[in-house]
Amino acid sequence: MKWSEFFTSSVGKKLVMALTGLFLISFLVVHAGINACIWANDNGVMFNTAAHFMGSMVVIRVLEVGLFAGILIHIIQGYVLEFSNRSRRKTGYTVSLGNKGSRWYSRSMGLLGTILLLFFIIHWYHFWIPSRFTGVHETPMVLPNSDGKEVHNLYALMKETFSELWVVIVYVFACFSLCWHLVHGFQSAFRTIGVSNQRYLVIARTAGIAFAIIISTVFAMMPVSMYLGWVE
Amino acid sequence: MESRSYMEHYSMNLTLKVWKQKNADSRGNFETYQVKDISSEMSFLEMFDVLNEQLIREGKEPIAFDHDCREGICGMCSMYINGRPHGPWHGTTTCQLHMRAFKDGDTIVVEPWRANAFPVLKDLVVDRAAFDRIIQAGGYISVNTGVSVDGNTIPIERENSEKAFAAAACIGCGACVAACKNSSAMLFVAAKVSHLALLPQGDVERKTRVLGMVAQMDKEGFGSCTFTQACEAVCPKEISVMNISRLNKEYLLAGLSSEK
């Protein structure tokens, strides 16, 4: 069997979605870990140090290319599958099955993914583009024990960005979408890569729900903490 | 509805909205029919027989629908009743659905399976030959297994034989395709692949089988599986989606270990 046949089959396409999805899940853990440094309540020293480390390490920058490739493949393949699957029934039912056979979020991965894509564009505009290309306008921070070296003050940028209520609402809504996307996507990815052992699938399902709730709550609490002044 | 005991007999008058379509090329539309004095002991198909006899007496064309064994084992009956393949009862084919599932005055909407791969031929009859072609692509054992052997001569782990037997219960009715938002045939293909892959007789061709059947499934125009599990919820033989996970494993192992 040729590689092209394998990866363009219905099972192969799903495998691509599963592998890129699991890769993106691992990125979420790193992202949440770095951002959680804001709760050190040290006026952003730990957070800016971690962010500077991530932005200046060659290995991390190379991995960043892989990350964007993973995101792009996941998005493109997701839309290809969504539109392809939708086209498989040109005449729909008058009375639909609805929630009698499946959960709403398992049927809405395309919609949830689209909400996340729109959020990513806003998020990149807020943080990634200024830190990599256009520059952060806030006063740079001098990290302790760095011989006066100045770094982007992303912490100050976060505080300014999350001083707007509508931005906080958009971010919390995106985290809500992320949670449901992960509740289905996490366990579905393991089924796609062929886990057919009931014991491991129970673990995957339980871990997926726990992961989805924890990671989404951690991300949602960041703008909320900033807006409500819970961090200095 | 007033409370009734499960065994209580009663009669009912019903309004039926049934999909009528002259042939595969025509558009089709819903027709409304009234049926009276339907016994709660009738099967759903017997109720359709009564309606068709009524239509013939009135000089109208009867409604075309698939049926054969009427025992829930052939997989021919295929009605989408009130938004659910095979109607409201869990683990039941249309022919085994009885009218006590409904109450006097109900309106029942009956549609054919909807999927591009299952084109409507007439009224409620769809063409499910795509399933036959998937089976022809590998859903069999072609190696010589010799003459019938004594029972238990070939040792099979009990757990595997149970799983294979459960998968073999698939009657190929197509309810999984009808219910799936993607019109995916994965549960059907997975049941057939699992049934044979779990048994020693099917082991020899397990790689070519899964590759061939998935390729044919894609060629027929079914969608891909997104694990909504609607297929399992409506399957009259309660085939588990665990078989889909097993198919994925079989496919990945076969595809990645292929030397061609």
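Read the figures in this text as sums done on the coordinates, not as results from a lab. The model shown is predicted, which means the values in this text are computed figures rather than measured ones. Ideal geometry is used to build each Cβ from the backbone, glycine not excepted, and the neighbour counts take in all protein chains shown.
Here the range B:55-130 is assigned +1 on the Cβ of each Lys and Arg and -1 on the Cβ of each Asp and Glu. Its dipole about the Cα centre then comes out at about 120 debye. Here A:ALA36 and B:ILE56 are evaluated by their C-beta separation; at R0 = 56 Å the FRET efficiency comes out at 0.15.
At a Förster distance of 22 Å, what's the computed FRET efficiency of B:VAL204 paired with B:LEU256, Cβ-Cβ distance as r, to 0.05?
Approximately 0.70, to the nearest 0.05.
Using C-alpha pairs under 8 Å with a sequence gap of at least 6, the mean separation divided by the residue count of chain A gives a relative contact order of 28 percent.
Taking every DSSP helix (H) stretch of at least 4 residues in chain B, weighting each as -39,500 (n - 2.57) and dividing the sum by the residue count yields a mean residue ellipticity at 222 nm of -10000 deg cm²/dmol.
The length gained by stretching the chain between A:SER87 and A:ILE73 to full extension, at 0.36 nm per residue less their Cα-Cα distance, is 2.9 nm.
Please work out whether the range B:11-120 counts as rounded, prolate or oblate from its C-alpha gyration tensor, where a ≥ b ≥ c are the square roots of the eigenvalues and a/c under 1.5 means rounded, while otherwise a/b larger than b/c means prolate and anything else oblate? Oblate, since a/c reaches 1.5 and b/c is not below a/b.
Between A:GLU150 and B:ARG133, the modelled label-to-label distance comes to 6.9 nm, taking each label 7 Å out from Cα in the direction of the beta carbon. Place a point 7 Å from Cα of A:VAL202 in the direction of its Cβ. Which residues in the range B:233-248 have their backbone N less than 16 Å from it? Hits in the range B:233-248 for A:VAL202 at 16 Å: B:242. With a 10 Å cut-off around each Cβ of B:113-120, the average count of Cβ atoms from other chains is 3. Would you give the gap between the C-alpha center of the range A:1-54 and the C-alpha center of the range B:91-129, rounded to a whole Å? Here the answer is 45 Å between Cα centres. Take the Cα of B:ASP104, go 7 Å toward its beta carbon, and the backbone nitrogen atoms of the range B:14-33 under 16 Å from that spot belong to B:14-15. Each Lys and Arg Cβ is given +1 and each Asp and Glu Cβ -1; about its Cα centre, the range B:129-256 then shows a dipole of about 260 debye. By the count of neighbouring beta-carbon atoms within 10 Å, fewest first, A:CYS37, A:CYS179, B:CYS176 end up ordered A:CYS37, A:CYS179, B:CYS176.
Site pair A:TRP124 and B:ASP37 shows an inter-label distance of 7.2 nm when each label is modelled 7 Å from Cα along Cα→Cβ. Listed cross-link partners A:LYS100/B:LYS60; A:LYS90/B:LYS249; B:LYS20/B:LYS103; B:LYS60/B:LYS237 are compared with a 28 Å cut-off, the Cα-Cα value being larger for A:LYS100/B:LYS60; A:LYS90/B:LYS249; B:LYS60/B:LYS237.
Treating the beta-carbon of each Lys and Arg as +1 and of each Asp and Glu as -1, no other charges, what is the dipole magnitude of the protein assembly as shown about its Cα centre, to the nearest 20 debye? Could you put the intermediate results ahead of the total?
Values: 45 positive and 42 negative charges, 136 e Å.
About 660 debye.
In chain A, the calculated helix contribution to ellipticity at 222 nm averages -23000 deg cm²/dmol per residue, counting -39,500 (n - 2.57) for every DSSP H run with n ≥ 4.
Length available on full extension from A:ILE209 to A:VAL29: 0.36 nm per residue minus the Cα-Cα distance, which gives 63.3 nm. Quick check: net charge around A:THR206, other residues with Cβ under 15 Å of its Cβ, Lys/Arg +1 and Asp/Glu -1? My count for the surroundings of A:THR206 gives +3. Along its principal axes, the range A:1-99 has C-alpha extents of 59, 40, 14 angstrom, given from the largest down.
If R0 is taken as 22 Å, the Cβ-Cβ distance between A:GLU160 and A:THR217 corresponds to a FRET efficiency of 0.40. The ranking of A:LYS13, B:LYS260 by Cβ neighbour count inside 10 Å, starting from the fewest, reads B:LYS260, A:LYS13. Between B:ARG158 and B:SER26, the distance separating the two model label sites (each 7 Å from Cα on the Cα→Cβ line) works out to 5.7 nm. Note on the range B:1-107: dipole from Cβ charges, positive end direction compared against B:PHE102, B:PHE30, B:PHE65; the farthest Cα belongs to B:PHE30.
Test of the criteria: in the range B:17-100, which chymotrypsin sites (Phe, Trp or Tyr not before Pro) are in a DSSP loop and have at most 12 other Cβ atoms within 10 angstrom of their Cβ? Sites meeting the loop and neighbour criteria: none at all.
Whole-Hz Karplus values for the range A:109-119 come out as 5, x, 5, 4, x, 5, 4, 5, 4, 4, 5 Hz, taken residue by residue from phi with 6.51 cos²θ - 1.76 cosθ + 1.60 and θ = phi - 60°; glycine and proline positions read x. Relative intensity of chain A on a log10 scale, I(q)/I(0) at q = 0.12, 0.17 Å⁻¹, equals -0.78, -1.33, per a Debye sum over C-alpha point scatterers of equal strength in the absence of solvent. As a rough footprinting exposure proxy, the listed residues B:TYR140, B:TYR251 were ranked by other beta carbons within 10 Å of their own, and the order from fewest upward is B:TYR140, B:TYR251.
Mean per-residue shielding of peptide A:2-9 is 4, counting Cβ atoms of other chains within 10 Å of each Cβ.
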